[in-house]
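Colleague: Starting off with a structure, shown below.
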Amino acid sequence: MSPFQKLVLASGSPRRIELLQQAGVEPDRILPADVDETPQRAEHPRSLAKRLSHSKADRAYAIIREEGGDEPPYILAADTVVSVGRRILPKADLIDEASNCLRLLSGRSHRVFTGLCMVTPSGKFRQSVVETRVRFKRLSREELESYLASGEWRGKAGGYAIQGLAGTFVVKLVGSYTNVVGLPLYETVNLLTGDGFKVHVNWLAGARI
């Protein structure tokens with residue numbers, strides 16, 4: 001990456017790091033932002049994704065300003081929310097949470113929202129929210145129990161990771177696949193390039209990350 005352009009990813013998600021690398025972008029720094037992700041009363045899933053991504057970007061921005069430095073970086077934050085109707089599903093940390101999520105998703109359609117927030121070196125905040133619709137097959141008891149035993153659900157919004165075993169549950173997907181993984185690449189690249197970040201530098205150099 002150009003020495004005059006630095007990117008801070010305000011997330012410790014390995015999936016988001018891998019997706020950025022897939023786009024030819026290597027973050028200069030990983031700075032997970034610790035914010036309260038509890039939904040507000042009657043908060044819409046889209047609004048939650050937007051609010052949390054902004055909060056994470058703002059938190060990382062505050063840390064970087066406190067540290068000082070001559071070359072302010074670009075900051076990128078994201079947050080993914082899974083919902084059935086207006087019901088927001090948790091990021092499953094316990095097997096009971098994952099089980100409840102999967103039983104709810106079984107045989108039904110749901111929506112995945114990812115809020116993106118970028119802070120430019122001049123301190124401007126840019127935001128976008130991406131929506132994908134996903135429909136699961138009706139899960140058998142064996143499929144449910146086997147998936148829970150795999151442990152892939154841990155820490156995942158909605159209790160599943162589409163890039164893993166749960167990909168076999170998907171009957172239909174409308175929208176961005178990478179959005180469901182955790183970072184919509186098309187929209188992310190557009191957000192970065194729209195404010196002057198040279199995403200394609202490594203492409204032109206023939207670099208492989």
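Colleague: Under 29 Å from GLY167 (Cα atoms) and at pLDDT 95 or above: is that true of ILE75 in this structure?
Modeller: Details: under 29 Å from GLY167 (Cα atoms): no; at pLDDT 95 or above: yes.
Answer is no for this residue.
Colleague: Six or more apart or on different chains, Cβ under 7 Å: which pairs go from a residue in the stretch 44-59 that's at pLDDT 95 or above to one that's among the basic types (Lys, Arg) and buried (at least 23 other Cβ atoms within 10 Å of the Cβ)? Could you list them?
Modeller: So the pair list comes out empty.
Colleague: Which ones in the stretch 69-102 are surrounded by fewer than 11 Cβ atoms within 10 Å (Cβ to Cβ) and either among the β-branched types (Val, Ile, Thr) or closer than 21 Å to PHE197 by Cα (or both)?
Modeller: Answer for the stretch 69-102, where residues must be surrounded by fewer than 11 Cβ atoms within 10 Å (Cβ to Cβ) and either among the β-branched types (Val, Ile, Thr) or closer than 21 Å to PHE197 by Cα (or both): GLY69, ASP70, GLU71.
Colleague: Name the residue that is farthest from LEU204 (Cα to Cα), counting only residues in the stretch 15-41 that are among the basic types (Lys, Arg) and in contact (Cβ under 8 Å) with a residue 24 or more places away in the chain.
Modeller: Quick first cut of the stretch 15-41, residues among the basic types (Lys, Arg) only: 15-16, 29, 41.
Next, from what is left, pick out any that are in contact (Cβ under 8 Å) with a residue 24 or more places away in the chain: 15-16, 29.
Details: ARG15: 25, ARG16: 23, ARG29: 23 Å.
Result: ARG15.
Residues checked against (1) under 25 Å from PRO14 (Cα atoms); (2) under 22 Å from the mean Cα position of the chain (by Cα):
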residue: SER109; (1), (2): no, yes
residue: THR114; (1), (2): yes, yes
residue: THR120; (1), (2): yes, yes
residue: VAL129; (1), (2): yes, yes
residue: THR132; (1), (2): yes, yes
residue: GLU142; (1), (2): no, no
residue: ARG154; (1), (2): yes, yes
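Colleague: Looking only at residues in the stretch 113-144 that are in contact with a helix residue (DSSP H, G or I) (Cβ under 7 Å, 6 or more places away or on another chain) and among the hydroxyl-bearing types (Ser, Thr, Tyr), which one is surrounded by the fewest Cβ atoms within 10 Å (Cβ to Cβ)?
Modeller: Going through the qualifying residues, I end up with SER128.
Colleague: Please go through the stretch 4-28 and give me each residue that is basic (Lys, Arg) and touching a helix residue (DSSP H, G or I) at 6+ places or on another chain (Cβ under 9 Å), ordered by number.
Modeller: So in the stretch 4-28, the residues basic (Lys, Arg) come out as 6, 15-16.
Answer for the stretch 4-28, where residues must be basic (Lys, Arg) and touching a helix residue (DSSP H, G or I) at 6+ places or on another chain (Cβ under 9 Å): ARG15, ARG16.
Colleague: When the residues of the stretch 145-203 are filtered to those that are of a type in the set (S, T, N, Q) and over 25 Å from SER99 (Cα atoms), which remaining residue is surrounded by the fewest Cβ atoms within 10 Å (Cβ to Cβ)? Show your work before the answer.
Modeller: Initial filter on the stretch 145-203 (of a type in the set (S, T, N, Q)): 146, 150, 163, 168, 176, 178-179, 188, 190, 193, 202.
Applying the additional criterion that residues be over 25 Å from SER99 (Cα atoms) yields 176, 188, 190, 193, 202.
On the way: SER176: 19, THR188: 26, ASN190: 14, THR193: 12, ASN202: 18.
The residue in question is THR193.
Colleague: Tell me which of these ALA62 doesn't satisfy, since it passes every other one: (1) of a type in the set (A, V, I, L, M, F, W, C); (2) in contact with a Leu (Cβ under 6 Å, 6 or more places away or on another chain); (3) in a helix (DSSP H, G or I); (4) over 20 Å from ALA161 (Cα atoms).
Modeller: (2)
The values are calculated or read from the model by the stated rules, or taken from the named source; none is laboratory data. Being a predicted model, the structure only gives us computed values, none of them experimental. Ideal geometry is used to build each Cβ from the backbone, glycine not excepted, and the neighbour counts take in all protein chains shown.
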